[in-house]
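Taking it in order: structure first as C-alpha cells, then the write-up.
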Amino acid sequence: MSEHSIQDDVRVALSKYGYKVFRTAAGKIKMLAGGYFDPGMPNGWPDLTGFNPVDHTIFFIEMKSPIGKPRDDQITFHKFLKKYGVCHGIARSPEDAIKIVQGQLCGYGFEKYDREEK
C-alpha cells in the first residue's frame, strides 16, 4: 500500500472522529506550466496537519509506508515539535494516526531516532 493511499485512509478515519485534517506540502513543487511553487512550509513539515475542534489541540502526522523511514529534515522537525510537547508522530495506518491524536502522543514512531542521538 502506498503512502498516498494510506494518507487518504487516515484522513477519512480522523474525519469520522470529528478531527479537522489538512494535507500539507513542504518543499518546492514543479508546476506543469514550468517553474516551481513553494507552499511556504519548512522542509520536514509533516504530511497532515489538523486539530480537534472540541479542545482546540493541534496535531501533525507524518505518513510512511510500512517500511518507510523519515528523512533527516523530518527528524529535525520532529525534534522541534518534541521540544514544545506538540502532538505528532509517524502513522503507517489509520489506527496509528488515531492512537497519536486521541492519546496526544508526542513523537510516536520517532522513538528509534531519539535513541540513535544518545
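Looking at region 53-60, can you tell me whether even one residue there is closer than 16 Å to Tyr108 by Cβ and in a loop (DSSP other than H, G, I, E, B)? Yes; the residues of region 53-60 include at least one that is closer than 16 Å to Tyr108 by Cβ and in a loop (DSSP other than H, G, I, E, B). Restricting Gly44, Gly50, Gly40 to residues that are out of contact with any Lys or Arg (no Cβ under 8 Å at 6 or more places or on another chain) and either farther than 20 Å from Ala91 by Cα or of a type in the set (Gly, Ala, Ser) (or both) narrows the list to Gly40. Here region 6-57 is the region considered, the condition is being in contact with a Gly (Cβ under 9 Å, 6 or more places away or on another chain) and among the hydrophobic types (A, V, I, L, M, F, W, C), and the residue that is nearest to Gly85 (Cα to Cα) is Trp45.
Within region 60-118, being out of contact with any strand residue (DSSP E or B) (no Cβ under 6 Å at 6 or more places or on another chain), among the basic types (Lys, Arg) and either touching a residue at least 40 places away in the same chain (Cβ under 8 Å) or farther than 18 Å from Thr24 by Cβ (or both) holds for Lys69, Lys79, Lys83, Arg92, Lys99, Lys112, Arg115, Lys118.
Every condition in (1) without any contact (Cβ under 8 Å) to a residue 60 or more places away in the chain; (2) polar (S, T, N, Q); (3) surrounded by 14 or more Cβ atoms within 10 Å (Cβ to Cβ) is met by Asn43 except one, and the failing one is (3).
Please verify whether region 17-38 includes one or more residues that are out of contact with any strand residue (DSSP E or B) (no Cβ under 8 Å at 6 or more places or on another chain) and at pLDDT 95 or above. Yes, some residue in region 17-38 is out of contact with any strand residue (DSSP E or B) (no Cβ under 8 Å at 6 or more places or on another chain) and at pLDDT 95 or above. The set of residues in region 1-16 being at pLDDT 85 or above, of a type in the set (A, V, I, L, M, F, W, C) and loosely packed, with under 13 Cβ neighbours inside 10 Å consists of Val12 alone.
The values are calculated or read from the model by the stated rules, or taken from the named source; none is laboratory data. This one's a predicted model, so the numbers in the text were calculated from it and none came from an experiment. Glycine also receives a Cβ, built like all others from the backbone with ideal geometry; neighbour counts cover every protein chain displayed.
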